[in-house]
Amino acid sequence: MAVDLGGTNFRVCSIRLNGDSTFNLTFSKVAIPKELMVAETAQELFAFLAEEVKNFLKKHHGNQFEAYTRRRLTMSAPGGFRDEHIFRMGFTFSFPVQQIGINKGTLIRWTKGFDIPDAVGRDVCALLQSEMNKLHLPVKVAALVNDTVGTLVARSYTSPGKSGAVLGAIFGTGTNGAYVEKLSKIKKPLSGDYDNSTGEMVMNTEWGSFDNQLNVLPSTSWDKALDEASVNPGIQMYEKRVSGMFLGEILRLVLIDMFKNPKISFFKDEDSNSNDWRSTTNVGENSSLFKQWGLDTSIMSVAAADNTPELGTLRQELESALHVYAPAQDDAQAFKAIAGAIGRRAARLAAVAIGAIVLQTGKLADPGLKDEPVDIGVDGSLVEHYPYFRDMIHEALAAVDGIGEEGAKRIRIGIAKDGSGVGAALIALVAAGMEERHEQANAGLLGSVRTDAKSSALVNDDGEKAAAESD
Ligand code: ADP
Ligand code: MG
């Protein structure tokens with residue numbers, strides 16, 4: 001199983017990996033309620049997540065779930081019923097964490113509009129495990145995965161080439177990337193146990209926080225206004241110019257400035273003669289245009305996709321999504337031009353991060369890989385749905401020193417659909433294998449005692465305590 005806490009949605013899925021680069025996936029998706037993003041306690045958010053896992057199990061794995069529940073309620077053993085963990089779960093948690101074990105990591109800071117101070121510094125796996133234990137779910141959080149790492153792994157599974165994917169990148173609510181680095185190049189001190197047999201390690205860059213000092217990032221008055229009104233001013237400055245959560249808000253701020261400017265005729269008409277629909281434009285009083293985060297980036301995709309002279313589809317969307325009635329053709333043209341500029345700037349900035357990683361890996365310059373594509377897996381609604389986003393990235397890559405036209409042609413950017421979920425399931429599987437090997441290594445009486453102790457410790461309702469005991 002895998003669960004994926006993005007910034008906007010929570011996905012639960014179960015995956016059968018067929019072992020031949022294909023898989024079968026069942027999933028459910030819910031929007032994370034806004035009030036839970038800023039809940040008083042971490043427990044409120046994680047209880048909601050556990051409840052969703054329960055609903056999913058009931059709906060899609062009803063037989064196994066009911067059989068398990070029946071056993072739990074009816075079985076009488078001397079030591080009581082011992083919870084079984086029928087499902088191993090990969091937990092994709094797309095916020096910065098200090099990962100200290102395969103299924104253990106403490107939250108460094110919230111991003112993407114979340115703000116639950118109570119959760120900072122705590123082990124997010126234990127928080128989820130604890131809430132799932134309260135509901136007696138037969139599930140063990142086996143691996144903690146960043147969505148970028150999941151995407152990288154999923155891409156390597158589904159499109160095996162000579163050398164696998166070099167980068168997994170997200171352009172969804174937020175943006176981030178993970179790549180494979182040589183251990184010898186890692187300057188940061190590494191603590192704890194890690195496997196160094198391959199000489200490589202996956203690095204989660206957290207590039208959303210690139211250039212928070214604004215030394216090189218472009219900055220407009222609207223970028224500044226967005227940042228100042230956000231829950232984390234001064235942080236994630238690159239992300240705030242690139243990803244889905246923010247592009248719509250930048251656009252909204254520009255539009256409001258234009259709308260309020262008496263010198264600019266935008267979303268308003270002198271009379272019906274100045275409107276090609278022979279009406280006058282009206283903006284509904286309760287239009288979400290007047291509310292922070294009120295303009296979803298998806299309308300920018302509608303604008304980019306509508307290339308008809310009348311812009312009929314976009315104008316319909318302006319009416320239904322933003323309650324702008326009878327927008328004139330020139331209003332829609334202005335909307336499209338501004339949205340296009342914001343989208344193009346985002347794609348070009350995206351190319352900066354991608355290009356930097358490609359150069360860092362040295363794959364383009366390696367004569368042994370001359371005819372090999374440099375493979376990149378991407379996931380997230382923005383890159384998936386915004387028309388020509390990847391084309392604009394490619395155009396910008398060609399302009400980067402050290403890449404150029406020829407280099408850009410070799411960079412293959414492919415959508416890893418549901419990548420973060422599939423990757424998390426793959427990693428959970430690897431983690432389960434590691435557990436098994438660990439248990440085999442401890443074979444004999446002592447080994448089985450330890451294994452038993454481990455599973456009974458997890459019966460405990462207090463997940464954090466249970467996790468500590470099972471260590
Ligand atoms: P998550 O980040 O939670 O994993 P997604 O990858 O679906 O979720 O990204 C959600 C973000 O993508 C939201 O900020 C939303 O505004 C944006 N988005 C959703 N649909 C589209 C679309 N059609 N075009 C552009 N952006 C979109
Ligand atoms: Mg995501």
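Odds and ends about this structure:
- Selection from segment 11-38 of residues that are out of contact with any strand residue (DSSP E or B) (no Cβ under 6 Å at 6 or more places or on another chain), surrounded by 14 or more Cβ atoms within 10 Å (Cβ to Cβ) and either without any contact (Cβ under 8 Å) to a residue 24 or more places away in the chain or farther than 26 Å from THR111 by Cβ (or both): LEU36
- Tally, over segment 300-331, of residues that are of a type in the set (S, T, N, Q), surrounded by fewer than 19 Cβ atoms within 10 Å (Cβ to Cβ) and part of a helix (DSSP H, G or I): 4
- Taken together, ASP366, ASP418, ASP375, ASP401 contain a single residue that is of a type in the set (D, E, K, R) and within 16 Å of ligand 1 (Cβ to nearest atom), which is ASP418.
- Of everything listed in (1) touching a residue at least 60 places away in the same chain (Cβ under 8 Å); (2) within 22 Å of the chain's Cα centre (by Cα), the single unmet condition for THR41 is (2).
- Members of segment 277-322 found to be under 21 Å from MET258 (Cα atoms), acidic (Asp, Glu) and without any contact (Cβ under 8 Å) to a residue 40 or more places away in the chain, listed by number: GLU285, GLU317, GLU319
- Within segment 373-405, considering residues that are in a loop (DSSP other than H, G, I, E, B) and of a type in the set (A, V, I, L, M, F, W, C), the one farthest from GLY423 (Cα to Cα): ALA399
Residues are listed down the side, and each one gets a yes or a no for (1) modelled with pLDDT under 95; (2) on the phi > 0 side of the Ramachandran plot; (3) aliphatic (A, V, I, L, M); (4) assigned to a loop (DSSP other than H, G, I, E, B):
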{"residue": "GLY7", "(1), (2), (3), (4)": "yes, no, no, yes"}
{"residue": "ILE15", "(1), (2), (3), (4)": "yes, no, yes, no"}
{"residue": "GLY19", "(1), (2), (3), (4)": "yes, yes, no, yes"}
{"residue": "ASN24", "(1), (2), (3), (4)": "yes, no, no, no"}
{"residue": "VAL30", "(1), (2), (3), (4)": "no, no, yes, no"}
{"residue": "GLN43", "(1), (2), (3), (4)": "no, no, no, no"}
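- Considering residues of segment 7-26 that are among the aliphatic types (A, V, I, L, M) and away from ligand 1 (no atom under 16 Å from the Cβ) only, the residue farthest from ALA425 (Cα to Cα): LEU17
- Elements of the type strands (runs of 3 or more DSSP E) sitting completely within segment 138-183 and holding at least 3 residues that are more than 17 Å from ASP418 (Cβ to Cβ) and not hydrophobic (A, V, I, L, M, F, W, C): these cover 175-182.
- Residue within segment 385-392 that is aromatic (Phe, Trp, Tyr), at pLDDT 95 or above and farther than 20 Å from ASP147 by Cβ present: yes
- ALA334 in a helix (DSSP H, G or I), away from ligand 2 (no atom under 16 Å from the Cβ) and closer than 22 Å to THR205 by Cα: no
The values are calculated or read from the model by the stated rules, or taken from the named source; none is laboratory data. In this text, all values refer to a predicted model and were calculated from it rather than measured experimentally. Backbone-built Cβ (ideal geometry, glycine too); neighbour counts: all protein chains shown.
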